[in-house]
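The values are calculated or read from the model by the stated rules, or taken from the named source; none is laboratory data. The structure displayed is predicted, hence computed values, not measured ones. FYI the Cβ positions are ideal-geometry reconstructions off the backbone, even for glycines, and counts take in every protein chain you see. When the accessible area is computed, the model is the full protein with side chains, heavy atoms only, and any ligands, DNA or RNA have been set aside. Shrake-Rupley method; radii C 1.70, N 1.55, O 1.52, S 1.80 Å.
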Amino acid sequence: MSHQVEFPTPTLVSVNGIELEVFEAGQENIGHPIVLCHGWPEHAFSWRYQVPALAAAGYHVIVPNQRGYGNSTCPEEVTAYDIEQLSGDLVALLDHYGYQDAIFVGHDWGANVIWGLTLLHPGRVKKIINLALPYQARTEKPWITFMEEFLGGDHYFVHFNRQPGVADAVLDENKYRFLRNIFRKNVPPAPPEPGMMMINLAKSETPLGAPLMHDDELAIFVSAFETTGFTSSINWYRNLDRNWHILANVNPIIQQPALMIYGDRDMIPKSENLTEFVPRVDVVSLNCGHWIQQEMPEETNRAILNWLGGQAAT
């Protein structure tokens, strides 16, 4: 018996020199675009619970598999995944549909891309709704150097950059096990050996926490990474220092209205200075782990629609 939520049929859209696999709903709601951006190691299907609710509320819902994921183009060059390219894809996607701006919703790495998109292309972002990852203020030193000093060389952000190919190979060899183990509800705030967490998750026979999704849903994620492997998505991490330089001379203040949704049991800490950089932000916290919109879909939808006013015209 299938437990899959019905999800739109994708189309391939040519943007910014590549093709994006795009899932679309609520096409009749032309003029009220909302773009949903997934995180790592995810897929547009991560938004399966939000798409019908947003379409029913009057939005034209646009959900890309971002570059390096699913059936979207996976360039080989590491620098093809910097914030200029990732945000450029979203700008070109708006151009494709004829929109000047849109509401953008992001989770995890998708949230990071939307923060960067808003800094680089503020005129293209109407409102921001980000989950899990708050605005990351620019540090004095490049981000990976900064994290290496504070978190050590085994932290997975640092490991991905300093030992290219090592984690990729382990995850590629253990796709099903890794994804089964990482997609759990209410993940502990501090898992054992957090530095090598990703490699440990790929090798662990015994996952922690309750499953996030049914096996037939998990199979969609596994199938996608069988196609792409993990290198293209890990290359997003390998551009953090490059992004630090790209954003050097950009005004760091986000002027758009924003909603930040946290999971209280997430490992990612809540921002202590969010309003300094995002002065028009509202904050909601839900009693869940990292995979907020999949762990608590109804509560997430309610928070989003309440904040938007429940109508596309607001």
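General remarks:
- Accessible carbon and sulfur surface of the chain relative to its total accessible area, %, 1.4 Å: 51
- Cβ charges +1 (Lys, Arg) and -1 (Asp, Glu), total dipole of the range 1-158, debye: 520
- Protection proxy ranking, highest mean first, for peptides 36-49, 203-216, 92-105, 145-158: 36-49, 92-105, 145-158, 203-216, where packing is the per-residue count of other beta-carbon atoms within 10 Å, averaged.
- Among the GluC sites (Glu not before Pro) in the range 67-104, those located in a DSSP loop and surrounded by at most 15 other Cβ atoms within 10 Å of their own Cβ are Glu76, Glu77.
- Net charge, Phe230 excluded, C-beta distance under 9 Å - Lys, Arg +1, Asp, Glu -1: -1
- Using the Cβ-Cβ distance between Ser285 and Lys126 with R0 set to 35 Å, the FRET efficiency works out to roughly 0.90.
- The count of lysine pairs in the chain that are at least 8 places apart or cross chains, and whose C-alpha atoms lie under 25 Å apart, stands at 7.
- Cα point-scatterer Debye curve for the range 56-151, base-10 log of I(q)/I(0) at q = 0.12 Å⁻¹: -0.44
- Distant alpha-carbon pairs in the range 4-125 (separation over 16 angstrom), percent: 57
- Rh by Kirkwood over Cα pairs, then Stokes-Einstein D for the range 121-192 at 1.306 mPa s and 10 °C, µm²/s: 102
- Helices meeting the span-like rule in the chain (full DSSP H runs, Cα extent of at least 30 Å along the helix axis, mean Kyte-Doolittle score of 1.6 or higher) are absent.
- Net charge dipole, the chain: roughly 500 debye, given to the nearest 20, about the Cα centre with Cβ charges of +1 for Lys and Arg and -1 for Asp and Glu.
- Per residue, the chain reaches -10500 deg cm²/dmol at 222 nm when only DSSP H runs of four or more residues are counted, each adding -39500 (n - 2.57).
- Computed extension length for Ala137-Asn251: 39.9 nm, one decimal, from 0.36 nm per residue of separation with the Cα-Cα distance subtracted.
- Extent of the range 258-314 along its three principal axes (Cα atoms, max minus min coordinate, largest first): 35, 29, 11 Å.
- Take the Cβ atoms of Thr79 and Ser223, set R0 to 25 Å, and the FRET efficiency comes out at 0.35.
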